[in-house]
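The values are calculated or read from the model by the stated rules, or taken from the named source; none is laboratory data. In this text the structure is predicted, and so the values were computed from the model without any measurement. Note: ideal-geometry Cβ built from the backbone for every residue, glycine included; neighbour counts use all protein chains shown.
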Amino acid sequence: MNTEELWGIPRKTASLLDFLDPPSPLPPSPVPGVTCGPMFQQAGRPGWIEVIAGVMFSGKSEELIRRVRRAVIARKQVQVFKSHLDARYAGLFSVSSHDGVTVEAEPVDSAEEIARRLRDTTEVVAVDEAQFLDDGIIDMANRLADAGVRVILAGTDVDFRGQPFGPMPTLMCIAEVVDKFQAICVVCGGPATRNQRLVNGKPALWDSPIIMVGGRESYEARCRHCHRVPRQDEDQTALL
Ligand code: ADP
Ligand code: ZN
């Protein structure tokens, strides 16, 4: 037997496969609606952050709505917020999926407004379109989770250029649970991880504004290989 250490862990055998053995099966999750890892099986106290990330059309709002509905069924006190910038589909006062499923929501224009609207009794806070909020949402999510609140944040993790979007990367880092969804690339049918912005049916230029709210008319889900973000001086015809 080889007894040398690997990353401070005594090695019983020479094989790295020892460290990759699947863990023994976990008991069922006590937390409704959460994809639980081992941590939540052991947690004695409520309060954590879940992030639902992915491109447009990847099903983030559907998943947020599903978790909110299950929390309501579990008789939790739930408050749902969304960025005031998103008034698509069912309007400003609800979170709606691209397929038309909705749940009521309070539109907010800052993290500070969420703080002002929070009720003392709230146990679950869900926020859709979190990428549009200011960085104050990071500290707020941490403080709420520390205080025992379940915080669910859904948002597009990359902007139309494929770059990290607003507070999303940091939120994904501080979260206990991160789910990153893919849509279907409308060009090749592969897993889509990019938001293709279109202006008059053509790929939007790299230096256009980061925030431009729109639906099917202005955005497509695409994979990295089919995603196009031309620079000003590029030959546009080669990019279509
Ligand atoms: P998101 O919040 O991530 O923008 P939604 O939850 O609003 O996504 O919508 C997801 C739904 O959008 C899917 O269930 C599917 O019916 C529909 N949809 C439309 N276009 C696509 C696509 N290109 N890939 C996957 N789903 C799509
Ligand atoms: Zn593709």
Within segment 126-156, residues being among the acidic types (Asp, Glu) and under 19 Å from LEU64 (Cα atoms) number 2
Pairing a residue in segment 184-197 that is free of Cβ contacts under 8 Å to residues at least 40 places away in the same chain and of a type outside the set (Gly, Ala, Ser) with any residue that is in a loop (DSSP other than H, G, I, E, B) and surrounded by 24 or more Cβ atoms within 10 Å (Cβ to Cβ), where Cβ atoms lie under 6 Å and the two sit 6 or more apart in sequence or on different chains, gives ARG197/PHE160
Of the candidates ASP139, ASP134, the one satisfying the condition of being in a loop (DSSP other than H, G, I, E, B), out of contact with any strand residue (DSSP E or B) (no Cβ under 9 Å at 6 or more places or on another chain), without any contact (Cβ under 8 Å) to a residue 40 or more places away in the chain and within 15 Å of PRO167 (Cβ to Cβ) is ASP134
Residues in segment 174-213 that are on the phi < 0 side of the Ramachandran plot, within 13 Å of ligand 1 (Cβ to nearest atom) and not in a strand (DSSP E or B) total 8
Per the filter on segment 47-82, residues within 16 Å of ligand 2 (Cβ to nearest atom) and among the hydroxyl-bearing types (Ser, Thr, Tyr) are SER58
**Prompt:** Residues in segment 53-72: is at least one more than 16 Å from ligand 1 (Cβ to nearest atom), over 25 Å from ALA183 (Cα atoms) and surrounded by 17 or more Cβ atoms within 10 Å (Cβ to Cβ)?
**Reply:** yes
Conditions (1) away from ligand 2 (no atom under 16 Å from the Cβ); (2) at pLDDT 95 or above; (3) touching a strand residue (DSSP E or B) at 6+ places or on another chain (Cβ under 7 Å); (4) of a type in the set (S, T, N, Q) -> THR121 fails only (3)
Residue pairs qualifying under the 8 Å Cβ cut-off, at least six apart or on distinct chains, with the first in segment 146-172 being free of Cβ contacts under 8 Å to residues at least 60 places away in the same chain and the second being within 16 Å of ligand 1 (Cβ to nearest atom) and of a type in the set (Val, Ile, Thr), are PRO164/VAL158; PHE165/THR156; PHE165/VAL158
For segment 47-84, the count of residues that are in a strand (DSSP E or B) and farther than 18 Å from LEU133 by Cβ equals 2
Screening VAL186, VAL229 for residues that are in contact with a Leu (Cβ under 8 Å, 6 or more places away or on another chain), of a type in the set (A, V, I, L, M) and within 16 Å of ligand 2 (Cβ to nearest atom) leaves only VAL229
Note on segment 200-226: residues charged (D, E, K, R) and within 16 Å of ligand 2 (Cβ to nearest atom) are GLU220, ARG222, ARG224
Counted residues in segment 216-227 being near ligand 1 (Cβ under 9 Å from one of its atoms) and surrounded by fewer than 17 Cβ atoms within 10 Å (Cβ to Cβ) come to 1
Over segment 93-131, the set of residues part of a loop (DSSP other than H, G, I, E, B), farther than 19 Å from ILE49 by Cβ and either within 16 Å of ligand 1 (Cβ to nearest atom) or among the β-branched types (Val, Ile, Thr) (or both) is SER97, HIS98, ASP99, GLY100, VAL101, THR121
